[in-house]
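Just below is one structure, and these are the notes that go with it.
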Amino acid sequence: MIEQKRNNIKGSLILGTAALIWGLAFVAQSDAADKVPPFLFNSLRSLIAAIFLFCALLVRKLTTKQNILPSEPINRRRVVTGGILCGILLTVSVNLQQAAITIYPAGAAAEARGGFLTALYVVFVPIIALFMGKKLELPILGAIVIATGGFYMLCLWGGIESIYLADLLVLLCAVSFSFHILSVDHYSGFMNGMLLSMVQFLICGILSGVISLAVENAVVWENVLSAAFPILYTGVMSSGVAYTMQIYGQKYAEPAVASLSMSLESVFAALGGWLILGNALSLPEFIGCALVFLAIVLAQMPQLLETRRTRKKER
């Protein structure tokens, strides 16, 4: 019992740090939005993430003598199919998110809105699971109601004209991330999580790059160089380091504790936007963010209760 508490604290600290890195990534994305178009930005950050994770896998192979690819042919095929599917969904998700951040008007607290609305995937996942035959538990229903109220306060308090197109794009991004999470959950059981992440980032980088060449203007390398820090931060820290921290953090913390720790990402996004970029929230927006965060926590209650029931049975 004491050991589990220590592990939960250790895991929470690791995952809380990862959430801080992810939250500040919204600030980096917002900074890069004025310099680099969305598809090019996500192509560069994803390819950097893929290279970083490949290097991490090489180090892992040298230290543990474990092969990078699974030895079974069927699992190798799953690496390809899972990586492509997760990569396509990741491409849709991150480009919707970055496009939204790009078109938010000045002073709209894009980091807070983007962070909290993206985090609604925690509520959307059980809703999608409903269509797969799973039941909606009472806390989930409460989370849906509270999230709806939070969205109203955040985006609609001033009337229909106060909602931005960017808000709707981020909502679509949250739905897309929900499908992405379910896909990752399915395929990660057949392979190393870091390997799956590397492949999906590679696919995302290639697809985003192809789309960028097709629909965006010619690359202005001066702008890319001026956005070097945001690109490197989101590529190495947000996608590479934080993801690796997530893997290790989840080894220690129980699933419900892990989810709660990672949900702090949206809070750090809002704080980062305020402290670094000076994008403060109005009172209705602050209330909306608080309600959305409450909904996120409430949506994870069934998992927390299930964990407690399991632990009681094991005693």
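Quick notes
- Two-decimal ratio, the chain, of alpha-carbon radius of gyration to 2.2 N^0.38 Å: 1.00
- With a Cα cut-off of under 19 Å and a minimum spacing of 8 residues unless on different chains, the lysine pairs in the chain number 4.
- Report note on the peptides 186-198, 79-91, 54-66: ranked by the mean count of other C-beta atoms within 10 Å, highest first, their order is 79-91, 186-198, 54-66.
- If R0 is taken as 35 Å, the Cβ-Cβ distance between Ile68 and Leu225 corresponds to a FRET efficiency of 0.60.
- Over the chain: helical MRE at 222 nm, DSSP H runs n ≥ 4 each giving -39500 (n - 2.57), nearest 500: -25500 deg cm²/dmol
- Cα gyration tensor, the stretch 89-200 - rounded (a/c under 1.5), prolate or oblate: oblate
- Shown for the chain: the carbon plus sulfur share of the solvent-accessible area, taken with all protein chains present and a 1.4 angstrom probe, equals 70%.
- Net dipole in debye of the chain [+1 Lys, Arg Cβ; -1 Asp, Glu Cβ; about Cα centre; nearest 20]: 1540
- Across the chain, the relative contact order, built from alpha-carbon pairs under 8 Å that are at least six residues apart, equals 43 percent.
- For the stretch 1-85, the square roots of the Cα gyration tensor eigenvalues, ordered a ≥ b ≥ c, give a/c of at least 1.5 with a/b no greater than b/c, which places it in the oblate category.
- 1.4 Å probe accessible area per residue over the chain, in Å²: 50
The values are calculated or read from the model by the stated rules, or taken from the named source; none is laboratory data. None of these values were measured; they are calculated from a predicted model. Reconstructed Cβ throughout: ideal geometry from the backbone, glycine too, with neighbour counts over all protein chains shown. Areas reflect the complete protein model, heavy atoms only, side chains present, ligands, DNA and RNA absent. Shrake-Rupley method; radii C 1.70, N 1.55, O 1.52, S 1.80 Å.
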